[in-house]
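S.K.: Quick one: the structure is below, and I'll ask about it shortly.
The values are calculated or read from the model by the stated rules, or taken from the named source; none is laboratory data. Just so you know, these numbers come straight off a predicted model, no measurement behind them. Ideal geometry is used to build each Cβ from the backbone, glycine not excepted, and the neighbour counts take in all protein chains shown.
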Amino acid sequence: MKRIVFTGGTGKAGRHVVPYLQGKGYQILNVDLKPLDLPGVNTLVTDLTDSGATFNALTTHFGFDGFEAGRPAQAPDAVVHFAAIPRVLIEPDNVTFAANVVSTYNVI
């Protein structure tokens, strides 16, 4: 089964794409500031503007079964990066710019 780390899966677009990918047979780890209420998809609550937290989120197990297997976490097959402040007038422009640029830099 292909494994995808999906950032921003709880957001407006992500909450539609994650179930679609799951329905196609992908195992998904959602990385977001808020949990996604979708059976079979774990959410790792992560601030992607924190480089250490981002690194950990991208290199961790997708669920408890990974820990029970007794081996290190495997690299995901893909990272889909949807996490962002999606438009102006939610936060001040400088906050939006900084959060979106830094989080994308950390994911890359």
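S.K.: Any residue in segment 83-108 that's on the phi > 0 side of the Ramachandran plot: show its pairings with residues that are at pLDDT below 95 at Cβ separation under 9 Å, as long as the two are six or more apart or on different chains.
M.R.: none
S.K.: Further, regarding this structure: Report the residue count in segment 1-17 for those that are part of a helix (DSSP H, G or I) and surrounded by fewer than 13 Cβ atoms within 10 Å (Cβ to Cβ).
M.R.: 1
S.K.: Any idea which residue in segment 47-59 is surrounded by the most Cβ atoms within 10 Å (Cβ to Cβ), counting only those that are in contact (Cβ under 8 Å) with a residue 24 or more places away in the chain and among the β-branched types (Val, Ile, Thr)?
M.R.: Thr54
S.K.: Let me ask another. Name the residues in segment 51-78 that are in contact with a Ser or Thr (Cβ under 6 Å, 6 or more places away or on another chain) and of a type in the set (Ser, Thr, Tyr), would you?
M.R.: none
S.K.: Also: Is there any pair linking a residue in segment 29-46 that is free of Cβ contacts under 8 Å to residues at least 24 places away in the same chain to one that is in a strand (DSSP E or B) and basic (Lys, Arg), with Cβ under 8 Å and at least six apart or on different chains, and which?
M.R.: none
S.K.: For residues in segment 60-108 being under 19 Å from Gly9 (Cβ atoms) and among the polar types (S, T, N, Q), which is surrounded by the most Cβ atoms within 10 Å (Cβ to Cβ)?
M.R.: Among those residues, the one meeting the criterion is Ser103.
S.K.: Right, here's the next one. Considering segment 18-45 alone, what residues qualify as being aliphatic (A, V, I, L, M) and buried (at least 16 other Cβ atoms within 10 Å of the Cβ)?
M.R.: Across segment 18-45, the qualifying residues are Val18, Leu21, Ile28, Leu29, Val31, Leu36, Leu38, Val41, Leu44.
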